[in-house]
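The values are calculated or read from the model by the stated rules, or taken from the named source; none is laboratory data. These numbers come from a predicted model, not from an experiment. Cβ: placed from backbone, ideal geometry, glycine included. Neighbour counts: every protein chain shown.
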Amino acid sequence: MILHPWQSLLIALAGWVNREQLAIVEYLQEENRVLREQWGKKRLRFSDAQRRSLAAKAKAVGRKALQKVGCIVTPDTLLRWYRPLIARKYDESAQRGPGRPRKPEDIREVIVRMARENVSWGYTRIQGALKNLGHAVGRTTVRRVMLEHGLDAAPQRGKGMSWKTFLQIHIQQIAAADFFTVEVLMLHGLVRYRILFVMELANRKVTLAGITSSPGGEWMKQIARNLTDGWDGFLKGKKYMLHDRDPLFTDAFRDILRTAGVDPLKLPARSPNLNSFAERWVRSAESECLERMIFFSEAALWRAANEFVAHYHEERNHQGLENRLILPRNENPPANGAMECHQRLGGLLKFYRRMAA
């Protein structure tokens, strides 16, 4: 076979280029070897741009060829750097819109309120109740909102009833009784009197059941008869009466209440928070009235206590009742007219009202 002169020239030139490339590759391999010896076990630090550049070149060479070259980075590492380049090419997160919007806070609050006020309602029942209010909410959304607020499903949520829930359900039928003491200065010294009062929790009405310096079993039984009198007893229509573990609340006292259809509920020891309404009334009576007076007789104590009860019912606004009066004298007070200051106990208790024009 006779080669054309130009073909011979091209073959010679290709052989020279190939030998030059081999020499360059051998040099780079030796240079990499020297570099690895110089660095030893130290880890080389590459920038992100350097990793991308090396990864792109390495992909074109291939794993087998890279293993022969003796790279300063292993072939597996170079190819691992190449994968984010592919992922970035098909990444459309910048064009992706936001996910499903979060439910408005007012709807979330309604879900939580329904779940807390109705311990037997499950996800589907709450979903239906929301539909009645014009809210189209999925069952899964109801479940997620409840879980975010630490509310279990209906079977677990309804296993036990909290004290707060019990009071909310039965508050119209509950009364609370408690004692507190007042010192009276007699000729022979200070005498401690005990005041027993009973409160209707629903409307905060209070009655003074009795005041005595020597309470006992017979006195308590008579108090029980008075409270449960079928004509005007304060506990008429009530189903429960809360009281603490004071020994004066005897078995005989409790039996009289049960006979009248009132179930006495004895509270745990050292738990004033469970009878908070009554405890709050004691604090108000003492700080606003009784602790600011000196009593020299039982009659004076009775008068002051009754005056405070009347003031408490008719003239004192209550934050727990939306800042209203328990028993207002006039449901529609006049907007104009002279202002009058009504006083009790020599001005200790005051109430302001307008006189009719």
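Would you say H135 is modelled with pLDDT of 85 or more and surrounded by 12 or more Cβ atoms within 10 Å (Cβ to Cβ)?
Details: modelled with pLDDT of 85 or more: yes; surrounded by 12 or more Cβ atoms within 10 Å (Cβ to Cβ): yes.
Yes, satisfied.
Could you grab me the full set of residues in segment 247-270 that are within 23 Å of F166 (Cα to Cα) and either in a loop (DSSP other than H, G, I, E, B) or touching a Lys or Arg at 6+ places or on another chain (Cβ under 7 Å) (or both)?
F249, A260, G261, V262, D263, P264, K266, L267, P268, A269, R270
Is segment 275-288 home to any residue that is in a loop (DSSP other than H, G, I, E, B) and under 24 Å from P215 (Cα atoms)?
Going through segment 275-288, the residues in a loop (DSSP other than H, G, I, E, B) turn out to be none.
Checked against the condition, which is being in a loop (DSSP other than H, G, I, E, B) and under 24 Å from P215 (Cα atoms), segment 275-288 yields no hits at all.
Pick out the one residue from I294, I326 that is among the β-branched types (V, I, T) and surrounded by 11 or more Cβ atoms within 10 Å (Cβ to Cβ). First the steps, then the outcome.
On the way: I294 fails: surrounded by 11 or more Cβ atoms within 10 Å (Cβ to Cβ).
The unique qualifying residue is I326.
Given the structure, is V309 β-branched (V, I, T) and within 15 Å of R194 (Cα to Cα)? Steps first, answer last, please.
On the way: β-branched (V, I, T): yes; within 15 Å of R194 (Cα to Cα): no.
Spelling it out, it is not the case that V309 is β-branched (V, I, T) and within 15 Å of R194 (Cα to Cα).
Residues checked against (1) modelled with pLDDT under 95; (2) under 32 Å from the mean Cα position of the chain (by Cα); (3) more than 22 Å from N306 (Cβ to Cβ); (4) not basic (K, R):
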residue: F234; (1), (2), (3), (4): no, no, no, yes
residue: D251; (1), (2), (3), (4): no, no, yes, yes
residue: R258; (1), (2), (3), (4): no, no, yes, no
residue: P264; (1), (2), (3), (4): no, yes, yes, yes
residue: S271; (1), (2), (3), (4): yes, yes, yes, yes
residue: L274; (1), (2), (3), (4): yes, yes, yes, yes
residue: F277; (1), (2), (3), (4): yes, yes, no, yes
residue: L290; (1), (2), (3), (4): no, no, no, yes
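Given the conditions (1) at pLDDT 80 or above; (2) assigned to a loop (DSSP other than H, G, I, E, B), which single one is not true for T124?
(2)
Name every residue in segment 168-194 that is loosely packed, with under 12 Cβ neighbours inside 10 Å and of a type in the set (K, R), in order of residue number.
Residue satisfying the conditions is R192 alone.
Under 8 Å by Cβ, and 6 or more places apart or on different chains, what pairs join a residue from segment 218-231 that is over 19 Å from K205 (Cα atoms) with one that is outside any loop (DSSP other than H, G, I, E, B)?
W219/G210; W219/T212; M220/A252; M220/F253; K221/A252; K221/F253; K221/I256; R225/I256
Quick one: count up the residues across segment 293-307 that are touching a residue at least 40 places away in the same chain (Cβ under 8 Å), of a type outside the set (A, V, I, L, M, F, W, C) and either within 21 Å of V206 (Cα to Cα) or not assigned by TED's automatic domain parsing to the domain that holds M186 (or both).
3
Being touching an Asp or Glu at 6+ places or on another chain (Cβ under 7 Å), touching a residue at least 40 places away in the same chain (Cβ under 8 Å), surrounded by 12 or more Cβ atoms within 10 Å (Cβ to Cβ) and closer than 30 Å to R225 by Cα, is that true of even one residue in segment 245-257? If you could, list the steps in order and put the result at the bottom.
Going residue by residue through segment 245-257, those that are touching an Asp or Glu at 6+ places or on another chain (Cβ under 7 Å) are none.
No, because not a single residue in segment 245-257 is touching an Asp or Glu at 6+ places or on another chain (Cβ under 7 Å), touching a residue at least 40 places away in the same chain (Cβ under 8 Å), surrounded by 12 or more Cβ atoms within 10 Å (Cβ to Cβ) and closer than 30 Å to R225 by Cα.
Could you look through segment 178-214, keep only residues that are of a type in the set (D, E, K, R) and under 34 Å from the mean Cα position of the chain (by Cα), and pick out the one that is farthest from A304 (Cα to Cα)?
Of the residues in segment 178-214, the ones of a type in the set (D, E, K, R) are 178, 183, 192, 194, 200, 204-205.
Of the ones still in play, those that are also under 34 Å from the mean Cα position of the chain (by Cα) are 178, 200, 204-205.
Working: D178: 18, E200: 21, R204: 19, K205: 17 Å.
Filtering segment 178-214 for residues that are of a type in the set (D, E, K, R) and under 34 Å from the mean Cα position of the chain (by Cα), the one farthest from A304 (Cα to Cα) comes out as E200.
Any idea which residue in segment 235-244 is surrounded by the fewest Cβ atoms within 10 Å (Cβ to Cβ), counting only those that are in contact (Cβ under 8 Å) with a residue 40 or more places away in the chain and at negative phi? Lay out the reasoning, then the answer.
Taking segment 235-244 first, the residues in contact (Cβ under 8 Å) with a residue 40 or more places away in the chain are 235, 237-244.
Checking the rest, the ones that are also at negative phi come to 235, 238-244.
On the way: L235: 23, K238: 24, K239: 13, Y240: 19, M241: 24, L242: 21, H243: 23, D244: 21.
By that ranking, first place goes to K239.
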